[in-house]
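Below is one structure, written out as structure tokens; the observations come after it.
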There are 2 protein chains.
Amino acid sequence: MGKEVINIGILGLGTVGQGVVKILQENRELIEQKIYPRKIVLRKIADKDLDKIKLLPYPELYPVFTTSAQEVLADPEIDIVVEVIGGFEPARGFIKQALESGKHVVTANKEVIARAGYEIFDLAQKSKVYFLFEASVASAIPIIGALSHSLTSYKIKEVIGILNGTTNYILTRMSEEGRDYQAALEEAKEKGYAEADPTKDVNGFDSFNKIFILSAIAFRAKINPEKIYYEGIENISQIDIKYARELGYTVKLLALAQNNGEYLEVRVHPALIPRRHTMANINDAYNGILIRGEEGFGNLTFSGLGAGALPAGSMIVSDIIKIINHFDYYRNDYNCFEEKEIRDFQQTYSPFYLRIKVKDRPGVLAEIAGSFARNQVSFASVIQKGEAGEIVDIVFLTHRAKEGNVQAALKEVAQLGCVEKIGNAIRVVEI
Amino acid sequence: MGKEVINIGILGLGTVGQGVVKILQENRELIEQKIYPRKIVLRKIADKDLDKIKLLPYPELYPVFTTSAQEVLADPEIDIVVEVIGGFEPARGFIKQALESGKHVVTANKEVIARAGYEIFDLAQKSKVYFLFEASVASAIPIIGALSHSLTSYKIKEVIGILNGTTNYILTRMSEEGRDYQAALEEAKEKGYAEADPTKDVNGFDSFNKIFILSAIAFRAKINPEKIYYEGIENISQIDIKYARELGYTVKLLALAQNNGEYLEVRVHPALIPRRHTMANINDAYNGILIRGEEGFGNLTFSGLGAGALPAGSMIVSDIIKIINHFDYYRNDYNCFEEKEIRDFQQTYSPFYLRIKVKDRPGVLAEIAGSFARNQVSFASVIQKGEAGEIVDIVFLTHRAKEGNVQAALKEVAQLGCVEKIGNAIRVVEI
């Protein structure tokens with residue numbers, strides 16, 4: 001049986017760290033059934049803020065609290081380090097130090113994996129310790145486990161995710177209550193769904209980190225994250241959501257990864273998706289992931305809470321349980337990644353929703369259509385929106401067109417005398 | 001490393017068996033990456049029908065085909081037996097024989113698990129071999145893996161499933177195309193979504209087997225399957241689906257399992273669920289499963305194909321991969337079930353949709369309402385449906401009421417002079 005008591009050290013006592021402690025304290029009996037006959041001891045908890053521990057209603061843990069991460073990392077008795085500091089450094093350094101000293105590591109840190117994942121996977125392999133990260137993508141959804149241990153017998157062709165709870169909350173409020181972006185963002189902050197500085201969420205960076213991880217795991221791919229295009233929701237306006245709905249679509253921030261054999265397509269951007277699709281009905285702070293396998297295997301869809309102390313904490317603790325149950329027999333699933341190119345975003349294809357503000361006079365449509373035609377972009381439908389007046393919105397749905405061509409056409413169109421401005425250009429995903 | 005070559009024997013070459021063979025043959029390279037450095041050899045395939053092997057485009061496998069299950073079971077070289085015969089006997093006997101002789105077993109057989117699961121789990125434990133069954137519930141959805149290895153750190157309170165593809169296909173056709181039950185069933189047969197004899201699907205028996213398995217695994221419960229109430233969709237008529245839709249609901253065949261601490265509630269029946277809910281939008285041959293954890297962990301929803309050669313085959317093969325990767329280190333997750341009572345169905349509570357055909361004359365409503373009131377059933381809403389005439393439908397939505405009371409009230413109401421007949425009584429699940 002080897003070790004009977006497994007010692008845990010936690011780095012970081014923010015939201016997720018507090019969730020981990022809460023679950024370990026309050027669900028101890030349930031957890032010990034799962035790791036029987038072993039026991040877990042919470043041996044050290046580190047946070048540079050001395051007051052953090054007092055937020056927790058567990059005075060019995062005060063003696064194990066420290067403000068020094070090194071006290072955790074240098075403790076030879078600690079078997080598993082939980083890194084829930086977040087951000088790139090010092091988290092990356094701490095993770096490496098832990099792995100190098102033979103400790104297993106569990107983390108929720110998507111940024112570290114996106115920027116230094118392969119190096120860390122290698123290090124874990126070399127040290128023969130586990131590096132698990134279920135909580136790093138779509139908190140409560142056990143997608144890493146599903147990809148690693150259950151969806152193993154067929155090729156995964158595509159992964160489509162709604163991977164950021166903050167933006168999904170904002171878009172849901174805009175869609176359901178007709179709020180504009182700023183008001184919905186404020187509401188998200190008030191309700192705790194957006195941080196004081198929500199930049200990394202609303203600009204797509206958070207989703208970018210997560211789709212990198214899903215691509216790497218689903219396709220066993222070694223890819224360069226810098227090649228992944230990402231775009232956020234800051235330019236989505238109430239009017240676009242309204243027009244999209246009239247056309248039968250919902251606007252979601254999607255993260256997409258396709259395996260086309262030779263190369264991958266991986267990107268993050270807002271998208272119009274059909275309103276009746278399961279993914280269109282994943283709302284508020286929920287995340288959703290669609291997995292498309294080879295022909296005949298059908299689609300799999302997962303949804304669950306995308307953030308929060310308990311959803312993320314639950315997956316951290318389930319990773320701890322996995323490590324404990326594989327303590328005497330090491331088998332790492334995260335090696336042997338195959339190098340894959342990511343196709344240049346300008347070379348990818350999508351249908352587009354385009355909203356263009358024009359001066360309402362004869363010949364406008366012909367001029368605009370001409371510009372698009374010269375750039376090999378053709379229209380599936382054109383609808384004039386709003387009341388007649390000096391300036392009106394025209395909404396176009398294009399056929400599948402090359403990204404670079406659409407961008408070139410939009411530049412050209414923006415210069416036309418009859419065009420007031422390009423209102424928005426949003427890709428359509430016929431999921 | 002131990003054994004380098006893992007020998008597989010397959011019992012049964014029906015739909016699922018053929019899927020398993022196809023995946024093992026065509027995805028060999030992908031699978032061998034997952035079990036590196038081991039290899040899989042398909043050593044024997046048995047089916048009592050000599051012609052079955054000829055359905056497969058793999059002449060290289062003809063020599064390993066046999067009509068004798070015993071040839072597979074008695075082969076000392078076979079490490080893993082895949083039982084995909086289906087039905088209770090001889091499948092149960094074969095599984096036991098395999099486990100007793102030290103072979104691991106992978107199965108899709110829900111009926112054997114529902115009727116003899118605990119005995120088989122014990123036997124596997126005693127023989128220190130694996131008994132895995134991911135494909136037995138909601139084919140393509142890796143729900144057993146998720147419950148066993150990922151949703152391990154908090155208590156699961158409730159599992160709600162759409163677990164039968166045949167009935168979901170029928171209900172979807174009835175709902176979307178206005179077909180009646182019989183026409184939708186015929187279409188399901190034509191398209192291969194229903195068997196020639198669809199009894200076990202449409203009467204709820206198949207869902208009953210599956211919710212038994214999910215209850216046992218999610219709650220680690222030892223329960224008596226005979227206490228599980230199940231009811232099928234044979235009495236759902238087009239008019240009920242239409243009225244339900246007008247009231248904001250969709251009709252689905254639900255399998256429900258709740259853990260109330262002292263006892264479980266487990267049952268299968270058609271239900272009205274809110275139309276906008278994710279589960280209401282799981283259509284056609286897809287299955288869906290909703291997992292509700294303790295407060296704060298949110299809901300998890302999974303959807304995927306519920307049947308078919310490749311969806312079921314993929315989970316059988318992923319179980320084979322799991323066994324191979326745990327070959328040298330045995331840890332069985334399916335033991336230590338705690339005895340739990342299932343609450344008597346008559347003692348459970350639901351709101352109801354009731355459709356009652358009445359003679360359209362003054363005082364009818366008062367008479368019916370009186371009967372319900374005497375049985376402690378109160379109404380949330382009452383709507384007269386259809387055109388005025390001699391006989392009209394009245395549709396009632398009740399508040400939560402005790403099953404036994406509703407049944408007693410319906411018996412009483414059926415005797416009233418003003419009542420032509422009870423059209424239908426369907427439980428409402430405010431999911």
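Cβ under 14 Å from residue A:82's Cβ, residue A:82 left aside: what net charge do those residues give with Lys, Arg +1 and Asp, Glu -1?
-1
Cβ-to-Cβ counts within 10 Å put A:6, B:273 in ascending order as A:6, B:273, the fewest first. Checked against a 19 Å cut-off, the cross-linked pairs A:48/A:189; A:157/B:252; A:52/B:157; B:3/B:103; B:34/B:322 give Cα-Cα distances beyond that limit for A:48/A:189; A:157/B:252; A:52/B:157.
Pop the C-beta distance of residue A:328 and residue B:339 into the FRET formula with R0 = 25 Å and round what comes out to the nearest 0.05. FRET efficiency, residue A:328 to residue B:339: 0.20.
Give the Debye-formula value of log10 I(q)/I(0) at each listed q (0.16, 0.19 Å⁻¹), with one equal scatterer per alpha carbon of the range A:277-333, two decimals each. For the range A:277-333, the Cα-only Debye profile gives -0.75, -0.86. For the range A:370-431, the square roots a ≥ b ≥ c of the C-alpha gyration tensor eigenvalues yield an a/c of 1.5 or more together with a/b not exceeding b/c, which makes the shape oblate. Shielding value for A:50-57 is 0, the average number of Cβ atoms from other chains within 10 Å of each residue's Cβ. Considering the range B:280-431 at the alpha-carbon level, its Rg and Dmax are found to be 23.5, 77 Å. Report, in degrees rounded to the nearest 10, the 0 to 90 angle that the Cα long axis of helix A:309-325 makes with the longest principal axis of chain A. Its long axis makes an angle of about 50 degrees.
The angle between the Cα long axis of helix B:181-190 and the main principal axis of chain B comes to about 20°, on a 0 to 90 degree scale. One way to sum up the overall shape of the range A:113-204 is the equivalent ellipsoid from its Cα gyration tensor, whose semi-axes run 34, 17, 10 Å, largest first. Distances between copies at residue A:382, taken between label points 7 Å from Cα along the C-beta direction, are 5.9 nm in increasing order.
What is the sum of charges around residue B:38, taking Lys and Arg as +1, Asp and Glu as -1, for the other residues whose C-beta is under 11 Å from the C-beta of residue B:38?
Values: positive: B:3, B:34, B:39; negative: B:4, B:32, B:79, B:328.
With Lys, Arg at +1 and Asp, Glu at -1, the net is -1.
Shown for residue A:411: label points 7 Å from Cα along the beta-carbon vector, and their distances to the equivalent points in the other copies, 8.1 nm in ascending order. Taking every residue in A:303-314 and counting other chain Cβ atoms within 10 Å of its Cβ, the average works out to 5. Distance between the 7 Å Cα→Cβ label points at residue A:41 and residue B:383: 6.4 nm. Over the protein assembly as shown, DSSP H runs of length four or greater, each weighted -39,500 (n - 2.57), average out per residue to a 222 nm ellipticity of -10000 deg cm²/dmol.
Quote the FRET efficiency, to the nearest 0.05, computed for residue A:3 versus residue A:100 with a Förster distance R0 of 25 Å and r equal to the Cβ-Cβ distance. The formula returns an efficiency of 0.80 here. Does the range A:270-310 come out rounded, prolate or oblate by the C-alpha gyration tensor, with a ≥ b ≥ c the root eigenvalues, rounded set by a/c under 1.5 and, if not, prolate when a/b is larger than b/c and oblate if not? It is oblate, given that a/c is not under 1.5 and a/b is not larger than b/c.
For trypsin sites (Lys or Arg not before Pro), the sites in the range B:258-289 that DSSP calls loop and that have at most 15 other Cβ atoms within 10 Å are B:275, B:276.
Highest mean first, how do A:29-40, A:44-55, A:233-244 rank when packing is the count of other Cβ atoms within 10 Å averaged over residues? Kindly include the intermediate steps, with their values, before the conclusion.
Details: A:29-40: 15.1, A:44-55: 16.9, A:233-244: 19.6.
Highest-to-lowest ranking by the protection proxy: A:233-244, A:44-55, A:29-40.
Counting from the shortest, the label point at residue B:41, 7 Å from Cα toward Cβ, is 4.9 nm from the same position in each remaining copy. Placing a label point 7 Å from the Cα of residue B:28 along the Cα-to-Cβ line, the residues of the range B:48-73 whose backbone N sits under 19 Å from it are B:53-66. Roughly what angle does helix B:15-26 make with the longest principal axis of chain B, taking Cα atoms, 0 to 90 degrees, to the nearest 10? Approximately 40 degrees, to the nearest ten. Based on the alpha-carbon gyration tensor of the range B:143-306 and its eigenvalue square roots a ≥ b ≥ c, which shape applies: rounded if a/c is under 1.5, prolate if not and a/b is larger than b/c, or oblate? Here the range B:143-306 falls in the prolate category. Across peptide A:287-300, the average count of Cβ atoms from other chains found within 10 Å of a residue's Cβ is 5.
Report the full-extension gain for the segment residue A:246 to residue A:407: residue separation times 0.36 nm, less the Cα-Cα distance, to one decimal in nm.
On the way: separation 161, 0.36 × 161 = 57.96 nm, distance 2.48 nm.
That works out to 55.5 nm of additional length.
Distance to the B-onto-A rotation axis is smallest for one chain B Cβ; residue and value in angstrom are B:329, 2. Note on residue A:68 and residue A:235: the model spin-label points, each 7 Å out from Cα along the C-beta direction, lie 5.1 nm apart. Modelled label positions at residue B:415 and residue A:128, each set 7 Å beyond Cα in the direction of Cβ, lie 7.8 nm from each other.
Per the Kirkwood formula on distinct C-alpha pairs, the Rh of the protein assembly as shown is how many angstrom? Mind showing how you got there, number by number?
On the way: mean 1/r = 0.0343 Å⁻¹.
Its Kirkwood hydrodynamic radius stands at 29.2 Å.
A protection proxy built from the mean count of other Cβ atoms within 10 Å ranks the segments A:399-405, B:128-134, most packed first, as B:128-134, A:399-405. When the alpha-carbon atoms of chain B are used, the pair Rg, Dmax equals 24.0, 83 angstrom.
Computed from the C-beta positions of residue A:369 and residue A:349, the FRET efficiency with R₀ = 22 Å rounds to 0.65.
Only the coordinates and a few stated rules stand behind these numbers; no lab work does. No experiment lies behind these values; they were computed from the predicted model shown. For neighbour counting, all protein chains shown are included, and Cβ atoms are generated from backbone atoms with ideal geometry for every residue, glycine included.
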